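Chemist: Shown below is the structure under consideration.
The values are calculated or read from the model by the stated rules, or taken from the named source; none is laboratory data. Everything numeric here is computed off the predicted structure, so don't read it as measured data. Cβ placement follows ideal geometry from the backbone for every residue including glycine, while neighbour counts extend to all protein chains displayed. Remember, those area values only see protein heavy atoms, side chains included, never the ligands or the DNA or RNA. Shrake-Rupley method; radii C 1.70, N 1.55, O 1.52, S 1.80 Å.
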Amino acid sequence: MDRSITRYIILMIAFLVWGCTTTEKIVDGRSAYERKRYAQAIQYLLPEFEEARNPMAKGELAFMLGDSYDHIGFYADAQNWFYRAYDLNYGLEALLRYADLSSKIGQYGEAGAAYQLLADETNNLDRFQKFILAASQAQQWKAHSEQQPHLKVVNMQALNSPKSDVLNQVFSSEHILFSSDRDESEGRNYYAWTGHKFYDIYQALNQQINLFDEFVVNTGLHESDGSFDAHREVFVFTRCEALDNEYDVYCKIMYSRKNEEGVWSSPEAMPFTVSNVNFMHPFLTPDGTRVYFASDVDKNARGYDLFYSDWIEEEWSEPEILNLSDINTEFNELYPTVYNDTLYFSSDRPGMGGLDIYKTYEVNGRFVYAQNLLPPINSSYDDFKFLPFDPVRGDITQTAYFSSNRPGGAGSDDIYMYYQEVPEDLEPGEERPKEVYTYTLNIRTVTRKEDPQTGEMLRFPLEESQVQIQGAHDTTMVTDMNGEVTIPGYRRAPMNIAFTKSGYFTYKENLSMNKLSAPDTIGNEIIYRYSRLMDPIVKDKEIVLENIYYDYDRWNIRPDARPILDSLATLLSDNPEIVRIELTSHTDCRGSDEYNQDLSQKRAESAVQYLVQGGVSPERLTARGYGESQPVVDCPCETCTEEEHQANRRTAFRILE
């Protein structure tokens, strides 16, 4: 889903827009907005909106107001302005942002309704289904957490300031590193979006807070995400600075090592640093030989993924993406941390609303599916940088610090402590039952219909389809209005499934795990999804068999065409009510009419013969070559493109009876 990177991450990668060096004069809301001076833009845009009379202009101004409020962290105002923009016919982008902001501020009913409207307006339930589900699930999670009084989250008021305070590393309950843009920071410049200073790294030890000064790290630039190894011999952190263009800002990972004399080296950038790419949020493993981090180095992906680099032969290796499981998604993955054998990170995938904290761990060299930590740790706002530490009281079973910008804190981002008290139903020292994952399979049937306005073929849910399952699950179900059936307790074993509906082809197949897309993880529930396209049975309508090609001047069936014809043989076997089909072959316009007619007939006959050898009764098959007489693209032969020729060269079939 195309949603903007969360407010905090944008601050991290773009905060070096100097408030004092812009030479272009700000004269109106648009000029301030385009220069990312969002607080200033709002001052102009509000009166401009009131004065505007053209509905289209008011819609655009409302959208810019919503985006500006979103960037400076006033989410309720942003939600209101995106709704007004949509109401003024700005378009579905405004509705999408309204849905996202509704989720962000915990209005899950509004969010779910808006996502459903987006699915209806775009005829694309597949795209928005997980957001609709997440909004409903978030309400249940929140209600459940309110019934868990032994789960506590408290604001660390002694650490937090009216500005932003972000956890970096935890050594003990009384000793942490954090970064902040509080007034005493050494950063010489101010961020134009907020007017706050740049981040520096601080140390809090026994309630005493000081700038980190073991060696030179803090400068006039932005420094954050400080992380030591267990022996405090390696240190990594994020530093961000502007390029020549004052609006282009990139972050890189710096590292320093302590020599045998106990002297730290001057920080230097990781060797894999490249221009125009962000590398940030580093976290060292205790042995100091691996650093996890986030980066947007893959420009083909949307946003940020998690990577790691290893210290091998006195140098850091090239980054490797964490692709051993489904940690990285189409959404942003950020703020990795490690505690014992568990990897924590944050993601803005569908969950509670903003960034949610997830955890995973390795089993046989592979990370298990990431689990949402749920409320009260996760809120509808941004929750990130989760770092557990050993409890210091016998009546507490788990403790951790993390950062969040949820309401009620001292500043924009605050440091919180999470802990679990021993529930009344457990004795001290007694362990709670281990967490158990459940598996669900969601099956959806869809069909293709033509959009009357654009002519584009769109996929629509196909309700009242019968889904008959044999194998690990023996059951027969009927799809609902969304074309869906759900199998709880999915055993992740192969199943034979038959899809049937009157007037449509019947499809039978063996469904195994390798046919399923990557699952979604909602709390302890892992949801797999499978979609089956079902076409209607229509007589005398040509159905093209894609990807059947012939060698030049030849008509024998090539190996790469056999799977397509095998699928047609299976379809005929599964649909015995189809009495007879005509298998057709067509050529492009190049060559004489007689030659093309003869060649197409031979190719059609070859395809029929292949089907007969595969077990299809010859009485159900008729071969007919049409040569160049029925082009799907009717272009003058000498001007046809190669793509148009290819479209005209086709093998197809039509149902005769």
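Chemist: Modelling each spin label as a point 7 Å along the Cα-to-Cβ direction, I'd like the Ala113/Met477 distance in nm, to one decimal.
Modeler: Computed distance between label sites Ala113 and Met477 equals 2.9 nm.
Chemist: Something else: Over the alpha-carbon set of segment 258-303, divide Rg by the Kirkwood Rh and report the Rg/Rh ratio to two decimals. Each step should come with its number before you reach the end.
Modeler: Details: Rg = 13.9 Å, Rh = 12.9 Å.
Radius of gyration relative to Kirkwood radius: 1.08.
Chemist: On a 1.4 Å probe surface of the protein chains, which of Tyr339, Tyr528 comes out largest in accessible area, and what is the full order? Intermediate values should be presented prior to the final figure.
Modeler: On the way: Tyr339 60, Tyr528 5 Å².
Highest to lowest solvent-accessible surface, that is Tyr339, Tyr528.
Chemist: A follow-up question, please. Treating each Cα of segment 283-323 as an identical point scatterer and ignoring solvent, apply the Debye formula and state log10 I(q)/I(0) at q = 0.23, 0.24, 0.28, 0.30 Å⁻¹.
Modeler: -0.74, -0.78, -0.95, -1.02
Chemist: Mind giving me the nanometre distance, one decimal, between the label points for Glu643 and Ser275, set 7 Å out from Cα along Cα→Cβ?
Modeler: 3.4 nm
Chemist: For the chain, what's the relative contact order in percent, using C-alpha pairs closer than 8 Å and at least 6 residues apart?
Modeler: Contact order relative to length: 9 percent.
Chemist: How much length is gained on full extension from Gln630 to Ser172, taking 0.36 nm per residue of separation minus their Cα-Cα distance?
Modeler: Values: separation 458, 0.36 × 458 = 164.88 nm, distance 7.74 nm.
Length difference between fully extended and current span is 157.1 nm.
Chemist: Under a 5 Å amide H to amide H cut-off, with H placed in plane at 1.01 Å, what residues pair with Phe212 once short-range neighbours are removed?
Modeler: For Phe212, the qualifying residues are Ile201, Tyr202, Gln203.
Chemist: Over every pair of different alpha-carbon atoms in segment 474-599, take the mean of 1/r and invert it; report that Kirkwood radius in Å.
Modeler: Values: mean 1/r = 0.0543 Å⁻¹.
For segment 474-599, the Kirkwood estimate is 18.4 Å.
Chemist: Starting from the Cα-Cα distance between Asp213 and Asp310, subtract it from 0.36 nm times their residue separation and give me the gain in nm to one decimal.
Modeler: Numbers: separation 97, 0.36 × 97 = 34.92 nm, distance 2.68 nm.
Here the segment from Asp213 to Asp310 would lengthen by 32.2 nm.
Chemist: Tell me which residues come under 5 Å, amide H to amide H, from Phe505 once H is placed; ignore anything under 5 positions away on its chain.
Modeler: Answer set, sorted by chain and number: Asp535, Ile537.
Chemist: While we're here: Would you please classify the overall shape of segment 568-657 from the alpha carbon gyration tensor, given that a ≥ b ≥ c denote the square roots of the eigenvalues, rounded means a/c under 1.5, and beyond that prolate means a/b larger than b/c while oblate covers the rest? Spell out each step's value before the answer.
Modeler: Working: a/c = 2.85, a/b = 2.18, b/c = 1.31.
Here segment 568-657 falls in the prolate category.
Chemist: Now a separate question. In what sequence, largest accessible area first, do Glu223, Glu542 appear using a 1.4 Å probe? If you can, show how the numbers build up before the last one.
Modeler: Numbers: Glu223 0, Glu542 50 Å².
If we order Glu223, Glu542 from most to least accessible, we get Glu542, Glu223.
Chemist: Using the basic label-point model (7 angstrom from Cα toward the beta carbon), what is the Lys508 to Tyr595 distance in nanometres?
Modeler: In this crude label model, Lys508 to Tyr595 measures out at 4.5 nm.
Chemist: Here's something else I'd like to know. In whole percent, how big is the carbon plus sulfur part of the accessible area of the chain, probe 1.4 Å, protein atoms only?
Modeler: Numbers: 14390 of 30630 Å².
Carbon with sulfur: 47 percent of the solvent-accessible area.
Chemist: Quick one: if the Förster radius is 25 Å, what FRET efficiency do Gln613 and Gln468 give, using the C-beta to C-beta distance and rounding to 0.05? Each step should come with its number before you reach the end.
Modeler: Working: r = 30 Å, r/R0 = 1.19.
It comes to 0.25.
Chemist: Another question, if that's okay. Taking square-rooted eigenvalues a ≥ b ≥ c of the alpha carbon gyration tensor, is segment 363-407 rounded, prolate or oblate, where a/c under 1.5 means rounded and, failing that, a/b exceeding b/c means prolate? List each step's numbers first, then the result.
Modeler: Working: a/c = 2.24, a/b = 1.08, b/c = 2.07.
The shape class here is oblate.
Chemist: Between helix 125-145 and the chain, what is the angle of the helix's C-alpha long axis to the longest principal axis, kept within 0 to 90° and rounded to the nearest 10?
Modeler: 40 degrees
Chemist: If the cut-off is a Cα-Cα distance under 18 Å, which aspartates and glutamates reach Lys104, setting aside same-chain residues fewer than 8 apart in sequence?
Modeler: Qualifying aspartates and glutamates at Cα under 18 Å: Asp2, Asp67, Asp70, Asp77, Glu93, Glu333, Asp348, Asp356, Asp382, Asp383, Asp413, Asp414.
Chemist: Can you give the extra length, in nm with one decimal, that the chain gains between Tyr339 and Glu51 once fully stretched, where that is 0.36 nm per residue apart less the Cα-Cα distance?
Modeler: Values: separation 288, 0.36 × 288 = 103.68 nm, distance 5.56 nm.
Stretched out fully, the Tyr339 to Glu51 stretch lengthens by 98.1 nm.
Chemist: Per residue and in Å³, how big is the convex hull formed by the alpha-carbon atoms of segment 442-505?
Modeler: Working: hull volume 6.4 nm³, N = 64.
Expressed per residue, the convex hull around the Cα atoms of segment 442-505 is 100 Å³.
Chemist: At a Förster distance of 41 Å, what's the computed FRET efficiency of Val263 paired with Gln148, Cβ-Cβ distance as r, to 0.05?
Modeler: 0.25
Chemist: Hey, what's the per residue convex hull volume over the C-alpha atoms of segment 213-371, in cubic angstrom?
Modeler: 136 Å³
Chemist: In degrees from 0 to 90, rounded to the nearest 10, what is the angle of the helix 92-104 Cα long axis to the longest principal axis of the chain?
Modeler: Once rounded, the angle reads 50 degrees.
Chemist: Under a 1.4 Å probe, what is the accessible area of the chain per residue, stated in Å²? The partial results should precede the final answer.
Modeler: Details: 30630 Å² over 657 residues.
On a per-residue basis, the chain sits at 47 Å².
Chemist: Can you give the FRET efficiency for Tyr530 and Leu92, using 1/(1 + (r/R0)^6), R0 = 25 Å, r = Cβ-Cβ distance, to the nearest 0.05?
Modeler: On the way: r = 28 Å, r/R0 = 1.10.
It comes to 0.35.
Chemist: Here is a follow-up. Name the lysines eligible as straight-distance cross-link partners of Lys541: C-alpha to C-alpha under 25 Å, and not fewer than 8 places from it in the same chain.
Modeler: Result set, ordered by chain and number: Lys449, Lys501, Lys508, Lys602.
Chemist: Considering amide H positions built from the backbone, and no H for Pro or chain starts, which residues 5 or more places from Tyr361, or on another chain, come under 5 Å of its amide H?
Modeler: Leu343, Val368
Chemist: Using mean Cβ contacts within 10 Å as the protection proxy, how do 532-541, 65-74, 340-349 order, highest first?
Modeler: Numbers: 532-541: 13.4, 65-74: 22.8, 340-349: 20.4.
Going from most to least packed, we get 65-74, 340-349, 532-541.
Chemist: Mind listing the phi-derived Karplus ³J(HN,Hα) values for segment 599-613, rounded to whole Hz, using 6.51, -1.76 and 1.60 with θ = phi - 60°, and x for any glycine or proline?
Modeler: Each residue's phi maps through the Karplus curve to give 5, 5, 5, 5, 5, 5, 5, 4, 5, 5, 4, 4, 5, 4, 4 Hz.
Chemist: Another one. Could you work out the per residue convex hull volume over the alpha carbons of the chain, in cubic angstrom? Before the final figure, lay out each step's value.
Modeler: Values: hull volume 142.7 nm³, N = 657.
Cα convex hull per residue, to the nearest whole number: 217 Å³.
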